[in-house]
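Here is the structure we will look at.
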């Protein structure tokens, strides 16, 4: 199979129909992939045909091209990978994979952990395990990483869409990450479809209270895209994360990601996600965030309603942008009725 690297976009066309398109090299145009409504349908066809996804796409790309900027301006972008049954799309992530994240988390945990005997926090211990055993050789299995669940496809927000800050949340902070997309084949084999820029939106104030609140802090919206890189993607990814407020940049910082900048190998992270049989249900989709080393929260920045998060990196096409939308009014207790 050839090793083409292409960038795919899913969107709603001018007639209200779903479409898949190939982004041009300069990011100005979208070339329609004939007969395609979802990337996972193309992935399934590629598996049955024994071809790479990139080959399948290039063979079906028409000369018809539309204006990419118009699709964005008219709010017609979709997540670059989705599932017709959102409950069969599983959103997960891996933490403590980058040095910066471990240092930030350790600093947060020092405030409530008892370190009078000089012991490191549990987060730093786990990060060191990754440094020592996260990149095994000779086909061996390495140490397992931290892992968390974010929700299902109902929590995925399209690029340019609003990330919802619920009333019970104490914070709504960006996390610029690499998000990998997988489709599970008919025999339970996981197939990596591609990679995209992701915003693993989280509640860092809640997590800071106690690291055992990590699971709660992660059950939030997230976004990835707008483009899915299919085929080869770099091991050393250097991008920029910024926050805009009323049109002005109020926080900005470079970030590093990709396998070269991680304590775990990609193969090790994938093994520890897909070793669980319930993560290999045929036809399911998985979006897995790989962690980050850069947070505006670590710099003391706090997002506000209507702020815009913007994440970009060379090779991934147009930036991922999302607005923060804070819930209006307090949320009371959820009532449960007995039957």
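The values are calculated or read from the model by the stated rules, or taken from the named source; none is laboratory data. Small disclaimer: the values here were computed from a predicted structure and weren't measured. Using ideal geometry, Cβ is built from the backbone for each residue, glycine included, and neighbour counts are taken over all protein chains shown.
Listed residues 16, 29, 50; which is touching a strand residue (DSSP E or B) at 6+ places or on another chain (Cβ under 6 Å) and not assigned by TED's automatic domain parsing to the domain that holds residue 230?
Values: 16 fails: touching a strand residue (DSSP E or B) at 6+ places or on another chain (Cβ under 6 Å); 50 fails: touching a strand residue (DSSP E or B) at 6+ places or on another chain (Cβ under 6 Å).
Of 16, 29, 50, the one residue that is touching a strand residue (DSSP E or B) at 6+ places or on another chain (Cβ under 6 Å) and not assigned by TED's automatic domain parsing to the domain that holds residue 230 is 29.
Does at least one position in region 148-163 carry a residue that is over 16 Å from the mean Cα position of the chain (by Cα) and either part of a loop (DSSP other than H, G, I, E, B) or closer than 14 Å to residue 90 by Cα (or both)? Lay out the reasoning, then the answer.
The initial filter retains those residues of region 148-163 that are over 16 Å from the mean Cα position of the chain (by Cα), namely none.
Within region 148-163, not a single residue is over 16 Å from the mean Cα position of the chain (by Cα) and either part of a loop (DSSP other than H, G, I, E, B) or closer than 14 Å to residue 90 by Cα (or both).
For region 286-299, check the following and say yes or no: at least one residue is part of a loop (DSSP other than H, G, I, E, B) and surrounded by fewer than 21 Cβ atoms within 10 Å (Cβ to Cβ).
No.
Tally up the residues in region 51-63 that are touching a residue at least 12 places away in the same chain (Cβ under 8 Å) and more than 20 Å from residue 226 (Cα to Cα), please.
Looking only at that region, the number is 7.
Are any residues in region 214-234 in a loop (DSSP other than H, G, I, E, B) and within 15 Å of residue 203 (Cα to Cα), and if so, which ones?
Within region 214-234, 219, 220, 221 qualify.
When you go through 306, 310, 270, 331 one by one, which is the residue that is outside the structural domain of residue 178 (by TED's automatic domain parsing) and touching a residue at least 60 places away in the same chain (Cβ under 8 Å)?
The conditions single out 331.
Looking at region 238-250, is at least one residue modelled with pLDDT of 95 or more, in contact with a helix residue (DSSP H, G or I) (Cβ under 9 Å, 6 or more places away or on another chain), assigned by TED's automatic domain parsing to the domain that holds residue 175 and surrounded by 15 or more Cβ atoms within 10 Å (Cβ to Cβ)?
no
Yes or no: region 202-215 includes at least one residue that is without any contact (Cβ under 8 Å) to a residue 24 or more places away in the chain, in the same structural domain as residue 306 (by TED's automatic domain parsing) and surrounded by fewer than 18 Cβ atoms within 10 Å (Cβ to Cβ).
yes
Only one residue in 270, 331 is modelled with pLDDT of 95 or more, surrounded by fewer than 21 Cβ atoms within 10 Å (Cβ to Cβ) and within 24 Å of residue 152 (Cα to Cα). Which one?
None of the others qualify; the one that does is 270.
Give the residues of region 226-237 that are touching a residue at least 60 places away in the same chain (Cβ under 8 Å) and loosely packed, with under 15 Cβ neighbours inside 10 Å, sorted by residue number.
232, the sole residue that qualifies.
Looking at region 237-263 only, could you name the residues that are within 18 Å of residue 288 (Cα to Cα) and not in a strand (DSSP E or B)?
258, 259, 260, 261, 262, 263, listed by residue number.
For region 126-138, does any single residue satisfy the condition of being in a helix (DSSP H, G or I), modelled with pLDDT of 95 or more, buried (at least 17 other Cβ atoms within 10 Å of the Cβ) and touching a helix residue (DSSP H, G or I) at 6+ places or on another chain (Cβ under 6 Å)?
No, there is no match, as no residue in region 126-138 is in a helix (DSSP H, G or I), modelled with pLDDT of 95 or more, buried (at least 17 other Cβ atoms within 10 Å of the Cβ) and touching a helix residue (DSSP H, G or I) at 6+ places or on another chain (Cβ under 6 Å).
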